[in-house]
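Colleague: My questions all concern the structure below.
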Amino acid sequence: MSALNSTTRRLTGTALLMALAATGAAQAAPASYTIDPAHTYPSFEADHFGGLSTWRGKFNSTAGKVTLDKAAGTGSVDITVDTASIDFGLDKMNEAARGTELFDVTKYPKATYHGTLAGFVNGAPTKVTGELTLHGVTQPLDLTLNSFKCMPHPMYKRELCGADAIASFKRDAFGMDSGKAYGFKMDVVLRIQVEALIDESSNTGKVALATPQH
């Protein structure tokens, strides 16, 4: 009888360890989020005639995915922008920007950003290290997250995360130097307001509820 009890205890202990290991593996996996195109708009600021004024615009069509693992302090961002959706608020400027002197949307219909979430504080990222592909050229570009927050979506009852990101780059580094001969500065300020909803297949126990403390 004692041998039977010993075997039973060993089997029970093994089963418990396997269950704990499975639980740990599940919690370690990142949660997946889909970017909400109705609340995600990359916008930019660019010079006109060497400081005469600043032109501002945005892109109206964006898609992508985000992964986030709060416990591990890891995650990724993949964003695709429809360059033809550029919007300066002026039809003639939009038409010109879609042409060969700037975005050349027929040849380069998409811009992409692939990055890794980094600088985690209390389970939330404060920056993104990645690469921007624009006008057929790929260059390193890191984003600073001025804010990051997750909360339950009041209607979908699933986790919703949002961030406000900023970066700057030289547009001539991407082969877009229109106006340079007239004294236009090549500096561009990029801002991205983004919201993403956790996928239904993701375990809600894996999401980050923290807000970074700067």
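The values are calculated or read from the model by the stated rules, or taken from the named source; none is laboratory data. Please read these numbers as outputs of a predicted model, since none were measured by experiment. Here Cβ is always computed from backbone atoms with ideal geometry, including for glycine, and neighbour counts include all displayed protein chains.
Colleague: Condition test on Arg191, is it charged (D, E, K, R), touching a residue at least 24 places away in the same chain (Cβ under 8 Å), under 17 Å from Val81 (Cα atoms) and in contact with a strand residue (DSSP E or B) (Cβ under 8 Å, 6 or more places away or on another chain)?
Modeller: yes
Colleague: If the Cβ limit is 9 Å and pairs must be 6+ apart or interchain, which residue in the range 134-149 that is among the aromatic types (Phe, Trp, Tyr) pairs with which residue that is assigned to a loop (DSSP other than H, G, I, E, B) and surrounded by 13 or more Cβ atoms within 10 Å (Cβ to Cβ)?
Modeller: From the range 134-149, the pairs are Phe148/Pro125; Phe148/Thr126; Phe148/Ala208; Phe148/Ala210; Phe148/Thr211; Phe148/Pro212.
Colleague: Which of the strands (runs of 3 or more DSSP E) contained wholly in the range 45-101 include at least 1 residues that are over 20 Å from Met186 (Cβ atoms) and touching a strand residue (DSSP E or B) at 6+ places or on another chain (Cβ under 6 Å)? It would help to see each step written out before you state the result.
Modeller: Numbers: elements: 53-59, 62-69, 74-82.
Once the strands (runs of 3 or more DSSP E) in the range 45-101 are filtered for at least 1 residues that are over 20 Å from Met186 (Cβ atoms) and touching a strand residue (DSSP E or B) at 6+ places or on another chain (Cβ under 6 Å), what remains is 62-69, 74-82.
Colleague: Does at least one position in the range 165-182 carry a residue that is under 22 Å from Ala31 (Cβ atoms) and in contact with a Lys or Arg (Cβ under 6 Å, 6 or more places away or on another chain)?
Modeller: Taking the range 165-182 first, the residues under 22 Å from Ala31 (Cβ atoms) are 165.
Those left that are additionally in contact with a Lys or Arg (Cβ under 6 Å, 6 or more places away or on another chain): none.
No, that holds for no residue.
Colleague: Kindly check whether there is at least one residue in the range 26-38 that is more than 18 Å from Asn94 (Cα to Cα), among the charged types (D, E, K, R), modelled with pLDDT of 50 or more and surrounded by 15 or more Cβ atoms within 10 Å (Cβ to Cβ).
Modeller: yes
Colleague: Further question: Report yes if Thr138 is closer than 30 Å to Gly51 by Cα, in a strand (DSSP E or B) and either modelled with pLDDT of 95 or more or touching a Gly at 6+ places or on another chain (Cβ under 7 Å) (or both), otherwise no.
Modeller: Yes, satisfied.
Colleague: OK, next. Is it fair to say Leu190 is under 17 Å from Val66 (Cα atoms), part of a strand (DSSP E or B) and not β-branched (Val, Ile, Thr)? Steps first, answer last, please.
Modeller: Working: under 17 Å from Val66 (Cα atoms): no; part of a strand (DSSP E or B): yes; not β-branched (Val, Ile, Thr): yes.
Judged against the criteria, Leu190 is not a match.
Colleague: Here's something else I'd like to know. Filter the range 135-185 down to residues that are among the basic types (Lys, Arg) and under 20 Å from the mean Cα position of the chain (by Cα) and give me whichever is farthest from His114 (Cα to Cα).
Modeller: Narrowing the range 135-185 to residues among the basic types (Lys, Arg): 149, 157-158, 170-171, 180, 185.
Retained after the next criterion (residues that are under 20 Å from the mean Cα position of the chain (by Cα)): 149, 158.
Numbers: Lys149: 20, Arg158: 25 Å.
The extreme case among them is Arg158.
Colleague: Of the residues Ala118, Ala167, which is buried (at least 17 other Cβ atoms within 10 Å of the Cβ), free of Cβ contacts under 8 Å to residues at least 40 places away in the same chain and within 21 Å of His39 (Cβ to Cβ)?
Modeller: Only one candidate passes the filter, namely Ala167.
Colleague: Does Arg171 satisfy the condition of being more than 30 Å from Val121 (Cα to Cα), charged (D, E, K, R), out of contact with any Leu (no Cβ under 7 Å at 6 or more places or on another chain) and modelled with pLDDT of 95 or more?
Modeller: Judged against the criteria, Arg171 is a match.
Colleague: Right, something else. Answer with yes or no whether Glu95 is within 21 Å of Thr34 (Cβ to Cβ) and acidic (Asp, Glu).
Modeller: no
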